[in-house]
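Here's the structure we're looking at; comments come further down.
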């Protein structure tokens, strides 16, 4: 071969290699992203709004987060059950009462399930409720302000997992205990007396349709089992409630093994209209209890806490026809009613099938007394009599089901890490997509309502190995959005979430945006320490308490020079934000404060308590970048020794040392 | 052979070249809603621009702000102290001045003049002292006088004031012209 031939052969080879390179450089899409339009479907151009709000539980962060869909952009983290130094929630004098319980001040909890209020079974955009799993409580968040308005504690509950679930017109927010516990006068008992002494309770919390105020209307005393999740009936089944129960073995140790003995546990069907009838007949029993209710008042910008002392109870073992059990395979987790209200889907988390029950058949079975026996005095309906049918071999470990408006169900499978789409009537599996990885809850916008908005299903995943840049031993939890407008589900976006997401709801932006609060009107501020103008700013001493009535407006604090305060004093900075302009909060922080900052909304008053421990001049400043002169928004407080005679004085813009020229 | 070499080079270039994903094309430079000044908000206090826009006495000033593309700037967080000449004040300018200033090629000059009417800071009347010098947004100084409760800036009379969400507007009876550059 001559040189030319060799070179030519080399070039031919190189060309082939080149073609291969061309193939290799194509973007390597994951197998599940079919089609190149995924990015377009999740893309919301800068300056444009998302179509949906996604209200996502923060799990062990105790908070709730707000994302946009389909972009996955995070807008806000709403402090609910955990202190939040960012906003001062739980730190300011006004918000501390929100975290009061019968166990005292509890600064943390575990929020699993948001529930958006409904009217006629459809989203109304007024409130979102959330549960505290650990120290049993239910919170109501106002969707005008995206702030926690009320928290009510649940007596006789061991752990509030099965919560909150709402009836069609938000008549009730319902909460079931995860841990049955001994209650009443007999609580110091041996754990091994579980069967005898441990009881489960379901709380029906009434919601005032006018202002959302919560009150425990009644509790149902149930056998000692664990309640997991629930849904209210709707349409024809309105007036009923369906709870999944596990540990019907009534195990009190090593539940991993001992609560999985039976091949079936129960769905508990509750006729709450019947319970209301008994209550109207005076059959409820007032029982002593101790539980806190904390409400935030928007007019005083202050929360107050009250301790309630009794609760009304009904005993369904005595008062017949309130509850019935329906056998359901293998430790049911999710229990979801479809938009029509006819079908109830039980998801046995250790099962490889999904039973779908029929409300009509349940009613017939009750009428015909088609029972297989009793459990702790409660009738158990025959499985076959209540069953519409089973989805066979859908996957492994079904957890939760949401619905679209076209008669389809979407079920998450934790063990096989996938979402399976199936038809509710025909029970036929239509499609399946993998999730990355270990999906828990899932959400279709409007999925639990009578009128699902559809469009997307969002998976909330526990494990994200290989999905995100690693951040040490713990990786971010995540959500994944799938487009469900076609026959096949299509993954269009991954996005990280705060805390550990459990359930989430998504609601059209149009239902929330128009009534979003912009400012609090200063003339309507009834805070006892408000200063409605700089003329009202002052400092008052009451014994060793010093109250600073401070105002904040772009770009100064009034007063910004304070003297005559001593070591041993307790200083309360009551800061009123005088702004009447949307999106202009001011912040307040002082050196050495043992709590947090304040973040004060326009027209609001908030208070930071500060105990100076040593002599000196302490700076304070605005923490929120409010204006071009934000960095100038500051002041000083002089702390003199205990017993000092320095007179109390305060000012802003007053320069005493004209000779030196400072401030000139 | 040369053709083959060229083809090879081309392939390399194409193969790992730009892989721009087609996304929903949109003009991301222009705000979708038309900018901060167009945010629909009937609840908040009016900002300094809205005060001027809603005043029948300041149509010339508003036109000038629009020509200078300053409306959104003055809707910002501020804080601003704006000295707002009335229509009559603009009328006092030599004939043709305004027409010249509002020509596109004179935008910089117009901006400088408008900036000479803006102080970044919230100067409420109680903070103003007689003979006080303030440095305006144009970086030129102006002098405030306060005698017998009467407020003037560079000799122009303050006719009234209005508090806006992001600052204060002082209505004045003359257009302020920055001192000549030396």
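The values are calculated or read from the model by the stated rules, or taken from the named source; none is laboratory data. Nothing here was measured: the structure is a model prediction, and the numbers come from that model. With ideal geometry, Cβ positions are generated from the backbone for all residues, glycine too; neighbour counts draw on all protein chains shown.
Some observations on this one:
- Residue within the stretch A:424-434 that is crowded, with 24+ Cβ neighbours inside 10 Å and either in contact with a strand residue (DSSP E or B) (Cβ under 7 Å, 6 or more places away or on another chain) or within 19 Å of residue A:348 (Cα to Cα) (or both) present: no
- Residue A:606 surrounded by 23 or more Cβ atoms within 10 Å (Cβ to Cβ) and at pLDDT 95 or above: yes
Condition check ((1) surrounded by 12 or more Cβ atoms within 10 Å (Cβ to Cβ); (2) at pLDDT 95 or above) across all residues:
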| site | (1), (2) |
| --- | --- |
| B:126 | no, no |
| B:134 | yes, yes |
| B:152 | yes, yes |
| B:155 | no, yes |
| B:162 | yes, yes |
| B:170 | yes, yes |
| B:175 | yes, yes |
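- Checklist (1) in contact with a strand residue (DSSP E or B) (Cβ under 8 Å, 6 or more places away or on another chain); (2) closer than 30 Å to residue A:415 by Cβ; (3) assigned to a loop (DSSP other than H, G, I, E, B) applied to residue A:486, failing item: (1)
- Selected residue (only one of A:310, A:306, A:277 is without any contact (Cβ under 8 Å) to a residue 12 or more places away in the chain and either farther than 23 Å from residue A:178 by Cα or in a strand (DSSP E or B) (or both)): A:277
- Scan of the stretch A:411-454 for residues that are in a loop (DSSP other than H, G, I, E, B), farther than 24 Å from residue A:496 by Cβ and either more than 25 Å from the chain's Cα centre (by Cα) or not assigned by TED's automatic domain parsing to the domain that holds residue A:345 (or both), ordered by number: A:424, A:425, A:426, A:427, A:428
- Subset of the stretch A:377-406 (residues that are surrounded by fewer than 18 Cβ atoms within 10 Å (Cβ to Cβ), free of Cβ contacts under 8 Å to residues at least 60 places away in the same chain and out of contact with any helix residue (DSSP H, G or I) (no Cβ under 7 Å at 6 or more places or on another chain)): A:384, A:389, A:390, A:392, A:393, A:396, A:406
- Positions within the stretch A:514-554 being within 32 Å of the chain's Cα centre (by Cα), within 14 Å of chain B (Cβ to nearest Cβ) and either closer than 22 Å to residue A:569 by Cα or free of Cβ contacts under 8 Å to residues at least 40 places away in the same chain (or both), in sequence order: A:514
- Every condition in (1) in contact (Cβ under 8 Å) with a residue 60 or more places away in the chain; (2) loosely packed, with under 12 Cβ neighbours inside 10 Å; (3) away from every other protein chain (no Cβ under 14 Å); (4) closer than 29 Å to residue B:128 by Cβ is met by residue A:642 except one, and the failing one is (4).
- Test set (1) in contact with a helix residue (DSSP H, G or I) (Cβ under 9 Å, 6 or more places away or on another chain); (2) buried (at least 23 other Cβ atoms within 10 Å of the Cβ) - residue A:168 fails condition number: (2)
- Some residue of the stretch B:67-82 being over 24 Å from residue A:626 (Cβ atoms), at pLDDT below 95 and surrounded by 14 or more Cβ atoms within 10 Å (Cβ to Cβ): yes
- Any hit, the stretch A:277-287, residues being assigned by TED's automatic domain parsing to the domain that holds residue A:440, farther than 30 Å from residue A:529 by Cα and crowded, with 24+ Cβ neighbours inside 10 Å: no
- Test: residue in the stretch A:629-636 that is within 14 Å of another protein chain (Cβ to nearest Cβ), buried (at least 22 other Cβ atoms within 10 Å of the Cβ), farther than 26 Å from residue A:296 by Cβ and within 37 Å of the chain's Cα centre (by Cα): yes
- Of the criteria (1) away from chain A (no Cβ under 14 Å); (2) touching a residue at least 12 places away in the same chain (Cβ under 8 Å); (3) within 26 Å of residue A:583 (Cα to Cα); (4) part of a helix (DSSP H, G or I), which one residue B:74 fails: (1)
- Some residue of the stretch A:182-200 being crowded, with 24+ Cβ neighbours inside 10 Å, under 27 Å from residue A:348 (Cβ atoms) and in contact (Cβ under 8 Å) with a residue 60 or more places away in the chain: no
- Enumeration of residues in the stretch A:588-603 that are surrounded by fewer than 24 Cβ atoms within 10 Å (Cβ to Cβ), within 14 Å of chain B (Cβ to nearest Cβ) and in contact with a strand residue (DSSP E or B) (Cβ under 6 Å, 6 or more places away or on another chain): none
- All conditions but one from (1) in contact with a helix residue (DSSP H, G or I) (Cβ under 7 Å, 6 or more places away or on another chain); (2) within 24 Å of residue A:280 (Cα to Cα); (3) part of a loop (DSSP other than H, G, I, E, B) apply to residue A:204; the one that does not is (3).
- Qualifying residue in the stretch A:510-526 (condition: in contact with a strand residue (DSSP E or B) (Cβ under 8 Å, 6 or more places away or on another chain), modelled with pLDDT of 95 or more and closer than 30 Å to residue A:461 by Cα): yes
- Enumeration of residues in the stretch A:224-239 that are without any contact (Cβ under 8 Å) to a residue 40 or more places away in the chain and on the phi < 0 side of the Ramachandran plot: none
- Scanning the stretch A:218-264 for residues that are more than 24 Å from residue A:383 (Cβ to Cβ), touching a helix residue (DSSP H, G or I) at 6+ places or on another chain (Cβ under 8 Å) and either modelled with pLDDT of 95 or more or not assigned by TED's automatic domain parsing to the domain that holds residue A:360 (or both) yields a single hit, A:218.
- Checking each residue in the stretch A:521-578 for being assigned to a loop (DSSP other than H, G, I, E, B) and surrounded by fewer than 18 Cβ atoms within 10 Å (Cβ to Cβ) picks out A:521, A:526, A:528, A:532, A:533, A:543, A:544, A:567, A:568.
- The number of residues in the stretch A:315-352 being on the phi > 0 side of the Ramachandran plot and within 28 Å of the chain's Cα centre (by Cα) comes to 3.
- Residue check, residue B:60 surrounded by 14 or more Cβ atoms within 10 Å (Cβ to Cβ), more than 15 Å from residue B:177 (Cα to Cα) and at pLDDT 95 or above: yes
- The number of residues in the stretch B:82-102 that are touching a helix residue (DSSP H, G or I) at 6+ places or on another chain (Cβ under 9 Å) and in a helix (DSSP H, G or I) comes to 9.
- A residue that is modelled with pLDDT of 95 or more and either under 28 Å from residue A:452 (Cβ atoms) or part of a helix (DSSP H, G or I) (or both) cannot be found anywhere in the stretch A:368-375.
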